[in-house]
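The structure appears right after this line, and notes come after that.
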Amino acid sequence: MDQDGNRVLSADELRSALLTNGNTQLLPNTVKYLMSTVHQVSNDVISFEEFEPLWNDMNQWIQIFDLFDHDRDGRINTTTLGRALAYYGLHISRDVLDMVMVKCGDALPRNWQPGFGGVPTPQMDLDHFVCGCVMVREICKLYETCRAESRPLISRDAFLIAVLVLP
């Protein structure tokens, strides 16, 4: 995986490793976002110690996506996203799920044609699923940290909504 032999992984090397290992193609921004969850210094590389939990985390998200992609079309809808997050242990409201879909889901149904029927049901592919789920998890961690330090003035869902509306 360490193609240049410098004993750390760049975003491109990690992306290549994910593609080689399981044919999981993630966008460069998703890979950088994942790296930022395990590495606080923004130098766009991770060490082996940081890589292992990220790799395990990534494999877990892929397995959860595969478990809930019942029709195997590589896309899930809002309801399925909620079930997948609940399976991971994150139970969030439909309002928050809708916001995650708007913010992260950009995959349209494969057979949808503009002008033929109503608005399609929002969907997301694996890349956007990973990004959305990690984002929700990290925001929930932040909320729980704030909650542990003092009594929160808002609910977790209200906190999630407030953060998700940010650009």
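The values are calculated or read from the model by the stated rules, or taken from the named source; none is laboratory data. Computed from a predicted model, the values in this text were never measured in an experiment. A quick note on method: Cβ atoms are made from the backbone with ideal geometry, for glycine too, and the neighbour counts reach across all protein chains shown.
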**OP:** Kindly establish whether Leu67 is at pLDDT 90 or above and either surrounded by 13 or more Cβ atoms within 10 Å (Cβ to Cβ) or not in a helix (DSSP H, G or I) (or both).
**Re:** no
Original post:
Which one of the conditions (1) under 13 Å from the mean Cα position of the chain (by Cα); (2) touching a residue at least 12 places away in the same chain (Cβ under 8 Å) does Asp44 fail to meet, given that it meets all the rest?
Top reply: (1)
Original post:
Just for the range 38-52: of the residues that are out of contact with any helix residue (DSSP H, G or I) (no Cβ under 6 Å at 6 or more places or on another chain) and part of a helix (DSSP H, G or I), which one is surrounded by the fewest Cβ atoms within 10 Å (Cβ to Cβ)?
Top reply: Glu49
**OP:** Of the conditions (1) surrounded by 12 or more Cβ atoms within 10 Å (Cβ to Cβ); (2) modelled with pLDDT of 80 or more, Leu19 clears all except one; give me its number.
**Re:** (2)
Original post:
What is the one condition in (1) under 18 Å from Asp157 (Cα atoms); (2) at pLDDT 90 or above; (3) not aromatic (Phe, Trp, Tyr) that Val102 does not satisfy?
Top reply: (2)
Subject >> the range 49-68 - residue that is in contact (Cβ under 8 Å) with a residue 12 or more places away in the chain and over 14 Å from the mean Cα position of the chain (by Cα) and, of those, farthest from Val8 (Cα to Cα) >> reply: Phe68
